[in-house]
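Any read-out appearing in this document is the output of simple, stated calculations on the displayed coordinates, not a laboratory observation. Just so we're clear, the structure is a prediction, and the values are computed from it rather than from any experiment. Note that each Cβ is placed from the backbone with ideal geometry, even for glycine, and that neighbours are counted across all protein chains shown.
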Amino acid sequence: MAERPRFYAVDYARDNLVIRNETMPIHDARTAGSEASLEHEGFTLRPHHSAVTDFRDPDQIERIYLPEIGRFMQDLTGASKIVMTGGAVLRFGEHSPEFGSRVNTRPARFTHVDYTPVSAPGLLKAALERAGFEPRPGQRYAGYNIWRVLSAPPQDVPLAVCEARTVAAKDLVPGDAIFDAPGVPEWSFEAYLVRHNPAHRWSYYSGMTPEEVLVFKAYDTDPGRPVRVPHCAFDDPSCPAGVAPRASVEGRCFAFFDEDSGAGRV
């Protein structure tokens, strides 16, 4: 593209994106024979029960879900501190009556990564202020997405994730994610769009239930580890007709570790 890409949370007609469709195999990681991990592929599927009874209730999200996920992520990653970014994002497939009913609730139909080295520190700063936490200089931290279906299996529009170690720096294109909610000033942050690369290895988990979560890496200050996992919603051609449309909820957090950031790590 000759111009910097940009995409909007509400008014897709304002997007500046040139998308080329490419056919790629998407492997069912549930039947892969070996468990994907955050330290190798950059993603993993884990069981998790939530006490939330209504994920559409912002009070339950803040009071119950975010603390639950914080404790879960601390146990999963071994981090010394988890800082949630606040709130959780509901998304609904195109066949759902709730599709487009809220700001930024449509599934992302293009491959992307939520954070870049430019945007992660700024988004982290706001989260740290809310949490009242100050990390020590050089402390390693990583950003994670925690994705959970709310609809019964199977999903008509699952989430595909790309193994972090198959993504090259040249595949990443910085662009602007712009939040254009009605009645409030627009704001934006930098995200990555992703160029096609035949070396990419894509996976998804068939038949996800609300009792499990897909965790994947969005950012890491240690370049010697899996740094980022591109992801994208897709139509599952094996899904039977008439299933409940996909509904999901996504939380995000930053995890802080006792070791340094790993600059120069080999």
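Looking only at residues that are in contact (Cβ under 8 Å) with a residue 60 or more places away in the chain and in a loop (DSSP other than H, G, I, E, B) in the stretch 241-256, which one is nearest to residue 212 (Cα to Cα)? First the steps, then the outcome.
Of the stretch 241-256, the ones in contact (Cβ under 8 Å) with a residue 60 or more places away in the chain are 243-256.
The next check asks that each one be in a loop (DSSP other than H, G, I, E, B); those that pass are 243-246.
Numbers: 243: 19, 244: 18, 245: 18, 246: 15 Å.
Within the stretch 241-256, the match that is nearest to residue 212 (Cα to Cα) is 246.
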>> Tell me which strands (runs of 3 or more DSSP E) are completely within the stretch 1-82 and hold 2 or more residues being under 18 Å from the mean Cα position of the chain (by Cα) and closer than 20 Å to residue 216 by Cβ, or say none if there are none.
In response: 43-47
> Within the stretch 13-41, which residues are at negative phi and free of Cβ contacts under 8 Å to residues at least 12 places away in the same chain?
Replying inline: 13, 15, 21, 23, 34, 35, 37
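Could you check, for the stretch 134-142, whether at least one of its residues is in contact with a strand residue (DSSP E or B) (Cβ under 8 Å, 6 or more places away or on another chain) and polar (S, T, N, Q)?
Keep residues of the stretch 134-142 that are in contact with a strand residue (DSSP E or B) (Cβ under 8 Å, 6 or more places away or on another chain), which gives 135, 138-142.
This time we only want the ones that are polar (S, T, N, Q), so: 139.
Scanning the stretch 134-142 turns up at least one residue that is in contact with a strand residue (DSSP E or B) (Cβ under 8 Å, 6 or more places away or on another chain) and polar (S, T, N, Q).
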>> I'd like to check something: does the stretch 75-95 contain any residue that is surrounded by 18 or more Cβ atoms within 10 Å (Cβ to Cβ), closer than 30 Å to residue 244 by Cα and of a type in the set (Asp, Glu)?
In response: no
> Which of the residues spanning the stretch 5-47 are out of contact with any Ser or Thr (no Cβ under 7 Å at 6 or more places or on another chain) and under 13 Å from residue 163 (Cβ atoms)?
Replying inline: 24, 25, 32, 34, 39, 40, 41, 42, 43
